[in-house]
1. Tally Lys and Arg at +1 and Asp and Glu at -1 over the other residues with C-beta under 15 Å from the C-beta of Ile26: what net charge comes out?
2. Taking every Cα atom in segment 11-56, find the radius of gyration and the maximum pairwise distance Dmax, and write them in Å.
3. How big is the equivalent ellipsoid of the chain along its three axes, where each semi-axis is √(5λ) from the Cα gyration tensor, reported in whole Å from largest to smallest?
4. Would you compute, from DSSP H runs of 4+ residues alone, the mean residue ellipticity of the chain at 222 nm, taking -39500 (n - 2.57) per run and dividing by the full residue count, rounded to the nearest 500?
5. Once you list every other residue whose beta carbon is under 13 Å from the beta carbon of Arg59, what net charge do they have if Lys and Arg are +1 and Asp and Glu are -1?
6. Using a simple charge model, +1 on the beta-carbon of Lys and Arg, -1 on the beta-carbon of Asp and Glu, nothing else, what dipole does segment 16-115 show about its Cα centre, in debye to the nearest 20?
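No lab work stands behind these numbers, since they all come straight from the coordinates. Quick caveat, the model's predicted, so the values are computed rather than measured. Heads up, the Cβs are rebuilt from the backbone with ideal geometry, glycines too, and the neighbour counts pull from every protein chain shown.
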Amino acid sequence: MFQNGHCGVVEEAIPVLRIDEAAASISWYRRLGYVQEWEYRFEPGFPALVSVARAGGARLFLSEHTGDATSDALVCLRVDSLDAVAQEFGSEILEQPWGREVHLVDPDGNRLRIGDPAPKE
């Protein structure tokens, strides 16, 4: 319900990323510290919709459904383990004006910019 022209507090926003093969994508995102929460298919053999999440609560939906999303999405993540991510993927840590980042591309062409946590003011 709207109050004072606002629709309330956003409790969670979940990016939906287009993937081709759920098992391969789940394996790749596991390297980033994600674990599979659930997988849904309308029927056996149909495209999958998978939820993966990190311990801190960052959640992604990975979808084999062609109408849900397109490849080449860009997602920015902040993690408390940037050095470990860079080491796991053999990636360079880039110094940006807003902080350190690692740039990755998942097996389906989705781009991830992974950075240190936001500075506390």
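1. Result for the neighbourhood of Ile26: -1.
2. Cα radius of gyration and Dmax of segment 11-56 are 11.1, 33 Å respectively.
3. Sorted largest first and rounded, they come to 25, 22, 13 Å.
4. Values: 2 runs with 17 residues, N = 121.
Value at 222 nm, helices only: -4000 deg cm²/dmol.
5. Working: positive: Arg54; negative: Glu11, Glu12, Glu37.
Local net charge: -2.
6. Its charge dipole is roughly 260 debye.
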